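What follows is a single structure, written as structure tokens, with notes after it.
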Amino acid sequence: MTSQDALGRVLVIIPTYNESQNIESITNRLRRSVPDADILIADDNSPDGTGDLADRLAAEDNHIKVMHRKGKEGLGAAYLAGFHWGLDNGYGVLVQHDADGSHQPEELPRLLQALADGADMAKGSRWVKGGSVVNWPKSRVFISKGGSLWTRMWLGIPVKDATGGFNAYKADTLRGISLDEVASAGYCFQIDLVWRTLKNGFKVVEVPIEFVEREFGDSKMSKNIVVEALIRTTLWGIEYRLGQLTGGVRRAIGHKKKA
Ligand SMILES: Nc1nc2c(ncn2[C@@H]2O[C@H](COP(=O)(O)OP(=O)(O)OP(=O)(O)O)[C@@H](O)[C@H]2O)c(=O)[nH]1
Ligand SMILES: [Mg+2]
């Protein structure tokens with residue numbers, strides 16, 4: 001038995017919307033890289049037939065499962081549904097993995113090893129030593145690094161790649177972070193989850209990854225997603241900083257009363 005076996009069964013959740021050109025290659029690579037893991041494709045009724053293709057892949061391989069959702073509700077909602085399914089079905093580890101080829105299935109064993117070594121959440125990271133991005137325009141690097149810096153500044157969290165979406169969690173971590181309260185949809189979903197994980201006292205370890213820009217299909221990233229992340233992060237930051245301030249004032253008054 002390896003240290004990773006002790007983690008329990010692994011479920012890799014892949015949200016999809018119009019990923020028919022990518023889904024088969026990504027599931028093939030995942031099956032080779034982590035043969036014991038199960039894969040859950042959470043498809044939002046993609047008009048390009050990704051859901052039907054996923055059904056065909058599942059019919060040929062019982063490690064592949066499909067969740068058909070009624071329509072496009074954002075990747076956050078698809079992940080939440082996938083997490084609940086995985087927790088209800090006894091998986092010990094739940095992984096977030098995009099379909100578009102940006103996350104490398106060959107790097108997943110290193111994330112799982114970080115969990116086996118004691119992390120509660122292993123976060124694939126482009127912006128730690130050893131991490132990188134391939135074929136990204138300067139504008140995307142700026143948005144990603146800027147978003148992480150903004151998040152670190154407001155929330156005071158020691159995470160270099162706050163918006164990264166290639167993450168592995170122990171089941172107990174997800175059970176301990178009030179998933180029912182998560183309302184974020186886009187990039188912000190990643191920030192929301194790592195922020196909750198840290199706030200609840202869980203250990204987050206960043207694992208360097210190579211992030212490759214998608215070759216096929218269209219990005220669902222939009223101005224709205226960036227604006228949602230900016231507004232929500234700033235509001236959480238203000239709430240957090242006010243809490244620090246009022247906590248400090250209360251402590252100071254308490255000290256004075258005692259003296
Ligand atoms: N089920 C579901 N999946 C989605 C939705 N939006 C995006 N996805 C999937 O989530 C993953 C990430 O989406 P991308 O479009 O690649 O967005 P991104 O990675 O933030 O942006 P890029 O870096 O430009 O690719 C992909 O597998 C998408 O198919 C959605 O509304 N529903
Ligand atoms: Mg992508």
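The values are calculated or read from the model by the stated rules, or taken from the named source; none is laboratory data. On a predicted model such as this, the values are computed, not experimentally measured, just so you know. Neighbour counts are summed over all protein chains in view; Cβ atoms, including those assigned to glycine, are modelled from backbone coordinates with ideal geometry.
From the residues in the range 196-207 that are of a type outside the set (D, E, K, R) and buried (at least 23 other Cβ atoms within 10 Å of the Cβ), which one is nearest to Lys129 (Cα to Cα)? By that ranking, first place goes to Val207.
Here the helices (runs of 4 or more DSSP H) wholly within the range 133-229 that include at least 3 residues being within 14 Å of ligand 2 (Cβ to nearest atom) are 138-155. For residues in the range 83-115 being closer than 16 Å to Leu30 by Cβ and of a type in the set (A, V, I, L, M, F, W, C), which is surrounded by the most Cβ atoms within 10 Å (Cβ to Cβ)? Filtering the range 83-115 for residues that are closer than 16 Å to Leu30 by Cβ and of a type in the set (A, V, I, L, M, F, W, C), the one surrounded by the most Cβ atoms within 10 Å (Cβ to Cβ) comes out as Val95. Of the residues making up the range 165-189, those that are modelled with pLDDT under 95 and under 11 Å from the mean Cα position of the chain (by Cα) are Gly186, Tyr187, Cys188, Phe189.
The residue list Ala116, Ala99, Ala168 contains one member that is out of contact with any strand residue (DSSP E or B) (no Cβ under 9 Å at 6 or more places or on another chain) and farther than 27 Å from Thr234 by Cβ, which is Ala116.
Conditions (1) surrounded by 16 or more Cβ atoms within 10 Å (Cβ to Cβ); (2) touching a helix residue (DSSP H, G or I) at 6+ places or on another chain (Cβ under 6 Å); (3) under 17 Å from Ala168 (Cβ atoms), marked per residue:
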site	(1), (2), (3)
Gly8	no, no, yes
Ile13	yes, yes, yes
Gln21	yes, no, no
Ser25	no, no, no
Asn28	no, no, no
Arg32	no, no, no
Asn45	no, no, no
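Checked against the criterion of being crowded, with 21+ Cβ neighbours inside 10 Å, assigned to a loop (DSSP other than H, G, I, E, B) and within 19 Å of the chain's Cα centre (by Cα), the range 66-78 has no qualifying residue.
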